[in-house]
Amino acid sequence: MTALMKLRFTATAAIAVFGILAGAAQADELADIKAAGEINIGIFSDFPPFSSASADMSIKGYDVDVAQKIAEGLGVKLNLVSVTGQNRIAYLNDDRVDLLMSVGYSKERAEVIDYAAPYAPYYIAVIGPTALKVSGKEDLADKTIAVNRGTLEDTSLTAAAPGSAAIQRFENYNSVIQAFISGQTQLMVVGNDVGAQVLARQEALKPEQKFQLLSSPSHIALRKGEEGLKKAVNDSVAAMIADGSLDAGSKSWLKAPLNPENLKD
């Protein structure tokens with residue numbers, strides 16, 4: 001055998017071994033989950049109304065209900081794992097969790113993780129009292145509006161509002177909510193997660209969502225290459241839409257019926 005033939009043989013053998021190892025490394029996560037009898041799902045521990053501690057210190061919310069449905073659909077036990085915005089992608093790719101809840105889509109994230117179907121509406125809404133007639137951007141003219149300074153809500157409102165709108169910018173969401181509740185402003189612009197808390201607690205004011213400025217639904221994230229698990233999650237979400245579970249969850253936790261349009265990127 002010539003030196004060149006030996007080199008080619010060695011290279012071919014190395015490629016074959018690499019292929020075997022790569023195939024072994026690409027385990028079927030869905031099969032592993034079912035074999036283990038449990039699934040680890042990462043959630044924010046303080047992100048009401050999607051997930052937060054209840055009076056009995058258990059974590060409850062929209063995300064928790066959806067995660068439980070996914071686990072039940074797979075026939076496994078649900079383990080909730082607390083994550084943060086800083087560590088959750090690492091937790092997923094390091095195999096510390098199998099899925100992540102409440103992940104917004106971005107091209108940058110899509111390079112390192114995969115996305116299952118959108119399951120939760122997230123949008124920026126204009127909120128005001130029922131008695132105040134506002135149905136579109138043009139109705140913001142001459143209105144006083146509270147918003148959190150420098151946020152996506154701020155930029156969206158600034159782009160949409162007529163010049164005569166009086167936008168009052170505050171340093172945090174508590175100040176935005178207080179300005180609205182106290183009557184300092186007629187309207188406020190917040191995400192539907194913040195808005196849901198106000199809608200649930202201010203019965204005297206009778207606030208309602210007037211219209212949306214921007215929609216960016218939340219997805220369930222998983223590691224790349226796990227097509228079996230992705231299909232199972234997508235099937236679970238489709239089933240929850242079909243049987244009304246997501247609509248019931250939206251009404252209960254987000255204080256608004258589920259609009260299928262809000263599940264489109």
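Taking the options Phe170, Phe211, name whichever one is touching a Lys or Arg at 6+ places or on another chain (Cβ under 7 Å) and on the phi < 0 side of the Ramachandran plot. Can you show your working first?
On the way: Phe211 fails: touching a Lys or Arg at 6+ places or on another chain (Cβ under 7 Å).
Step by step, each of Phe170, Phe211 is checked, and only Phe170 is touching a Lys or Arg at 6+ places or on another chain (Cβ under 7 Å) and on the phi < 0 side of the Ramachandran plot.
For Leu199, which of the numbered conditions (1) assigned to a helix (DSSP H, G or I); (2) surrounded by fewer than 19 Cβ atoms within 10 Å (Cβ to Cβ); (3) touching a residue at least 60 places away in the same chain (Cβ under 8 Å) fails to hold?
(2)
Tell me, please, whether a residue that is in contact (Cβ under 8 Å) with a residue 40 or more places away in the chain, of a type in the set (Lys, Arg), part of a strand (DSSP E or B) and over 30 Å from Val198 (Cα atoms) can be found in the range 68-82.
Yes, the range 68-82 contains a residue that is in contact (Cβ under 8 Å) with a residue 40 or more places away in the chain, of a type in the set (Lys, Arg), part of a strand (DSSP E or B) and over 30 Å from Val198 (Cα atoms).
Collect the residues in the range 149-196 that are in a helix (DSSP H, G or I), touching a residue at least 24 places away in the same chain (Cβ under 8 Å) and either surrounded by fewer than 16 Cβ atoms within 10 Å (Cβ to Cβ) or basic (Lys, Arg) (or both), keeping them in residue-number order.
Selection gives Leu152 alone.
Can you confirm whether the range 207-216 contains a residue that is open to solvent by less than 30 Å² (accessible area, probe 1.4 Å), outside any strand (DSSP E or B) and within 22 Å of Ile41 (Cβ to Cβ)?
No: zero hits.
Return the residues of the range 225-265 that are of a type in the set (A, V, I, L, M, F, W, C), under 15 Å from the mean Cα position of the chain (by Cα) and either modelled with pLDDT under 95 or under 18 Å from Ala125 (Cβ atoms) (or both); say none if nothing qualifies. Lay out the reasoning, then the answer.
Taking the range 225-265 first, the residues of a type in the set (A, V, I, L, M, F, W, C) are 229, 232-233, 237-242, 246, 248, 253-254, 256, 258, 263.
If we keep only those that are under 15 Å from the mean Cα position of the chain (by Cα) as well, we get 233, 237, 246, 253-254, 258, 263.
Matches in the range 225-265: Trp253, Leu254, Leu258, Leu263.
Can you tell me which residue within the range 43-62, out of those that are in contact (Cβ under 8 Å) with a residue 60 or more places away in the chain and touching a Phe, Trp or Tyr at 6+ places or on another chain (Cβ under 9 Å), is surrounded by the fewest Cβ atoms within 10 Å (Cβ to Cβ)? It would help to see each step written out before you state the result.
Pass one, the range 43-62, residues in contact (Cβ under 8 Å) with a residue 60 or more places away in the chain: 47-50, 61-62.
Within this subset, residues satisfying the condition of being touching a Phe, Trp or Tyr at 6+ places or on another chain (Cβ under 9 Å) are 48-50, 61-62.
Numbers: Pro48: 18, Pro49: 22, Phe50: 24, Gly61: 25, Tyr62: 26.
Selected residue: Pro48.
Test Val233 against the stated conditions and say whether it is surrounded by 18 or more Cβ atoms within 10 Å (Cβ to Cβ), in contact with a Pro (Cβ under 9 Å, 6 or more places away or on another chain) and closer than 29 Å to Glu29 by Cβ.
Details: surrounded by 18 or more Cβ atoms within 10 Å (Cβ to Cβ): yes; in contact with a Pro (Cβ under 9 Å, 6 or more places away or on another chain): no; closer than 29 Å to Glu29 by Cβ: yes.
No; evaluated as a whole, the condition is false for this residue.
Mind counting the residues in the range 253-265 that are part of a helix (DSSP H, G or I) and surrounded by 14 or more Cβ atoms within 10 Å (Cβ to Cβ)? Steps first, answer last, please.
So in the range 253-265, the residues part of a helix (DSSP H, G or I) come out as 253-254, 260-263.
Narrowing the set further to residues that are surrounded by 14 or more Cβ atoms within 10 Å (Cβ to Cβ) leaves 253-254, 262-263.
Result for the range 253-265: 4.
When the residues of the range 137-158 are filtered to those that are small (Gly, Ala, Ser) and modelled with pLDDT under 95, which remaining residue is farthest from the chain's Cα centre (by Cα)? Lay out the reasoning, then the answer.
Let us first name the residues in the range 137-158 that are small (Gly, Ala, Ser), namely 141, 146, 150, 156.
Subsequent filtering for residues that are modelled with pLDDT under 95 retains 150, 156.
Values: Gly150: 21, Ser156: 19 Å.
Selected residue: Gly150.
Here is a yes/no grid of residues against (1) open to solvent by less than 60 Å² (accessible area, probe 1.4 Å); (2) among the β-branched types (Val, Ile, Thr):
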residue	(1), (2)
Lys107	no, no
Ile113	yes, yes
Tyr123	yes, no
Ile127	yes, yes
Leu132	yes, no
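The values are calculated or read from the model by the stated rules, or taken from the named source; none is laboratory data. The shown structure was predicted, so the numbers you read here are calculated from the model rather than taken from an experiment. Heads up, the Cβs are rebuilt from the backbone with ideal geometry, glycines too, and the neighbour counts pull from every protein chain shown. Quick note on the areas: whole protein, heavy atoms, side chains included, nothing else; ligands and nucleic acids left out. Shrake-Rupley method; radii C 1.70, N 1.55, O 1.52, S 1.80 Å.
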